[in-house]
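First the structure, in the form of structure tokens, and then the observations on it.
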């Protein structure tokens, strides 16, 4: 499955950063990570840190799947509001899920400092605003639910939002301090380069063709003809897992994004804020680290790549119209437009854990709008499991829940 189109901004901006060989000789390792995007790079990093001999493979070039198309808005808020998630899975699991995403942003910040990343990681505030007057009631309920369990949130009235951000058509909203943005494509390459120096082996254009699942180890046949013997496999394959797993557990969605030309002066007011709203589908808006504006949304059910990509021009115009609706005073000259594919789940939570059809294996699938923060949580979960420890979130992120 092709998970990106029309050359996303970060792919063009960064060009070729690192090149890796394909694997053509047999190999042995403790952990095989399948998938060279943001999730795979994080999991591989954790495995190397924990002392496991680790190999990472990807059938494409590194980070050329969803990680090149992501808008990298890092938020602790999950697509399912906290008050609704409490109703669905109980307060313990719901609050733990939100807190894990909250902590993941700080953990990512520490990791950025550790590897001396230049991927533009920037801590930001977040504004979740009511797109319709009728949304104010439930958004206020969401505000109270977050405040009750200790999240640092403030309620902003429509006039406050207009005064601070010149944001039109916002009928009130939740202001949060915990958010961030980054260039995920560059960060993946930085992470892998850092860990290659510590023993990680990385191979691109290397596709898993077949797996023989044994009692204590798995034997992986590659498209190159080489074999890998490993004790554990961690599948970080994102939405392509839908083709691997028999039961339906995720709905695939197409999303669209556009990035403006550089507008340094006009974008200055928004450089420290992530903005999204209660519309269905919702829009999301931020600046890039080189003073461009980004707006995304216009999501719809994914059918196939060709039908998704045919809509890019039409969706670009709709996003331009939405931008003008909310920020009419900011000029937006579209410079990049692209589409990506992501997944939604019944509760907005990821699938991280074991699956009965895949022995000696884990899946780390960060679905929804929190893919990167869920993947950071996945680092801790996989680390625990590989060391024989339990994790609080295991039942809430499990298959068959």
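Coordinate-derived values only; no laboratory data. Everything quoted here is computed from the prediction, not taken from an experiment. So basically every Cβ, Gly included, is an ideal-geometry build from the backbone, and we count neighbours across all protein chains shown.
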Normalised contact order of the chain, rounded percent, pairs of Cα under 8 Å and 6 or more residues apart: 24
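From the helices alone, meaning DSSP H stretches of at least four residues, give me the mean residue ellipticity at 222 nm for the chain, per-run term -39500 (n - 2.57), in deg cm²/dmol to the nearest 500. Let's see the in-between values first.
On the way: 12 runs with 130 residues, N = 401.
Estimated from H runs of four or more residues: -10000 deg cm²/dmol.
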Simple label model, 7 Å out from Cα along Cβ direction - residue 231 to residue 305, nm: 3.7
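Counting DSSP beta bridges with both partners in the chain, what percentage is antiparallel, nearest 5? Don't jump to the answer; show the numbers that get you there.
Details: 50 of 72 bridges.
Percent antiparallel among DSSP bridges in the chain is about 70.
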Among 54, 287, 278, residue whose mean-square fluctuation peaks in a GNM of the chain (springs only between Cα atoms under 10 Å): 278
Ranked packing of 136-145, 77-86, most packed first, by mean Cβ within 10 Å: 77-86, 136-145
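Assign one of three labels to region 251-344, namely rounded, prolate or oblate, based on the Cα gyration tensor with a ≥ b ≥ c the square roots of its eigenvalues; rounded applies when a/c is under 1.5, prolate when it is not and a/b is larger than b/c, and oblate otherwise.
Verdict is prolate for region 251-344.
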Helix 91-114 vs. the chain, principal-axis angle (Cα, 0 to 90°, nearest 10): 80
Relative contact order of region 251-344, pairs being alpha-carbon contacts under 8 Å that are 6 or more residues apart, as %: 45
Mean-position separation - Cα centroids, region 333-401 and region 266-285, in angstrom: 25
Among 345-351, 241-247, the order from most to least packed when residues are scored by Cβ within 10 Å on average: 345-351, 241-247
For region 16-173, alpha-carbon Rg relative to the globular expectation (2.2 N^0.38 Å, N residues): 1.36
Whether the chain is rounded, prolate or oblate, judged on the alpha carbon gyration tensor where a/c under 1.5 counts as rounded: prolate
Cα gyration tensor shape for region 88-130, rounded if a/c is under 1.5, else prolate or oblate: oblate
